[in-house]
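Below: one structure, written as structure tokens.
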There are 2 protein chains.
Amino acid sequence: MAYRETEKMRLRKAEVRERILDCALQSVSEGGFRNAQINQVAEMAGVATGTVYRHFESKTELFAEVFRRATEREVDKVAEALAGPGHAAERLERALRQFAERALHGPVMAWSLIAEPVDPRVEGERLEYRRAYAEHFERAIGEGIEEGSLPPQDARLSATCLVGAIAESLVGPLSPTQRTPTLPEQPATLSDGQIQTLIEPIITFCLQGVTGQRR
Amino acid sequence: MAYRETEKMRLRKAEVRERILDCALQSVSEGGFRNAQINQVAEMAGVATGTVYRHFESKTELFAEVFRRATEREVDKVAEALAGPGHAAERLERALRQFAERALHGPVMAWSLIAEPVDPRVEGERLEYRRAYAEHFERAIGEGIEEGSLPPQDARLSATCLVGAIAESLVGPLSPTQRTPTLPEQPATLSDGQIQTLIEPIITFCLQGVTGQRR
């Protein structure tokens, strides 16, 4: 009986932690890391501020975890798209397009994940995840070289070029003023047409970079 | 006479400020922003620590200025290379190659400027400067389209792709472990041959991205 009580408490604790994370994630997706506040997250989650600190040592730790979760989701989506059918170039196109579309449909979160100036610790996580994206692209490019659908190239460096090109190109469109690194107060919502107009030139550059063929 | 004294003091003050900045720059180029310390910079400059704070409000302000100076120098180099003779693709190649070579020859400083996790304020400057690079590339691409040496494309987006591709690709080689965002304790010195081996695939990707032609 005592054991079951403990188990129940453990589950309840895990559930509260999860709820705090969900609310923090939502908070960042609405206002970026800069505007995210512990007391606001606590209120959203229906817990006391102190409870948040029982689950996460500091604000930085909570938001580093939010960053990890949100980025892992995006990395997984890229991996899924790359695992689909078709030649390497088609799979790369699908993955790049999906990455860009998801970013432009959730511009605040994407801006926060890709470019918002953040605590050096979160910035460190950001660099790690960019390597994770690059590794997925590298594998697909390697397969393309293997199957003969892509010309010989340094798959690792081409992969980092892809990650850099798409991330950098999205920074501008995601940023409200197209220039400054400030967060959108009211993030612009782009129409599907505007999103496609932005994405096409980026995909063209990336695919040309990898294939050496005019698209 | 009083006026000339004041002028002399102004000059002397400016000279001390300059010396502090030079020493801070050297300090970052040896150990990155993370290891740079005000008291060490003061010692190098032969002034008291308090003197540094009379010229710069805070450590962040001093190193933000170091960041600006060092980055401006690199942006100017890119602009110079782009202003040289030749078709747009040749000029772009020259600028990209020079950027990469300079980075790989001064890996600690380059890592600090491009990727070291830094204070959000410095990170904000970083985003600004990446726009400055992109604007120079954009102009050259626009000229290439105009002269017919490059295919029609969105010059702005291609330019951001170039900046992202080259910066991202250098992050790995500049980083000691090729994975983690930690600073090199003992930065690897690459031979000229190793540097060329790294640079070629990056230049190929970038030029193919812009020209749509196999290089």
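For the stretch A:23-31, indicate whether the set of residues that are surrounded by fewer than 11 Cβ atoms within 10 Å (Cβ to Cβ) and in contact with a helix residue (DSSP H, G or I) (Cβ under 9 Å, 6 or more places away or on another chain) is non-empty.
Among the residues of the stretch A:23-31, not one is surrounded by fewer than 11 Cβ atoms within 10 Å (Cβ to Cβ) and in contact with a helix residue (DSSP H, G or I) (Cβ under 9 Å, 6 or more places away or on another chain), which makes the answer no.
How many residues does the stretch A:103-121 contain that are part of a helix (DSSP H, G or I) and either hydrophobic (A, V, I, L, M, F, W, C) or under 11 Å from the mean Cα position of the chain (by Cα) (or both)?
10
Just one of B:G84, B:G148, B:G106, B:G142 is within 14 Å of chain A (Cβ to nearest Cβ), surrounded by fewer than 19 Cβ atoms within 10 Å (Cβ to Cβ) and among the small types (G, A, S); which is it?
Answer to the check: B:G142.
For B:Q153, all conditions in the list (1) at pLDDT 95 or above; (2) part of a helix (DSSP H, G or I) hold save one; what is the number of the exception?
(2)
Given the conditions (1) modelled with pLDDT of 95 or more; (2) basic (K, R); (3) in contact with a helix residue (DSSP H, G or I) (Cβ under 7 Å, 6 or more places away or on another chain), which single one is not true for A:K59?
(1)
Taking the condition of being over 17 Å from B:S29 (Cβ atoms), free of Cβ contacts under 8 Å to residues at least 60 places away in the same chain and within 14 Å of the chain's Cα centre (by Cα), how many residues in the stretch B:81-102 meet it?
2
Could you say whether any residue in the stretch A:122-138 is of a type in the set (A, V, I, L, M), touching a residue at least 12 places away in the same chain (Cβ under 8 Å), assigned to a helix (DSSP H, G or I) and surrounded by fewer than 19 Cβ atoms within 10 Å (Cβ to Cβ)?
yes
The values are calculated or read from the model by the stated rules, or taken from the named source; none is laboratory data. The shown structure was predicted, so the numbers you read here are calculated from the model rather than taken from an experiment. FYI the Cβ positions are ideal-geometry reconstructions off the backbone, even for glycines, and counts take in every protein chain you see.
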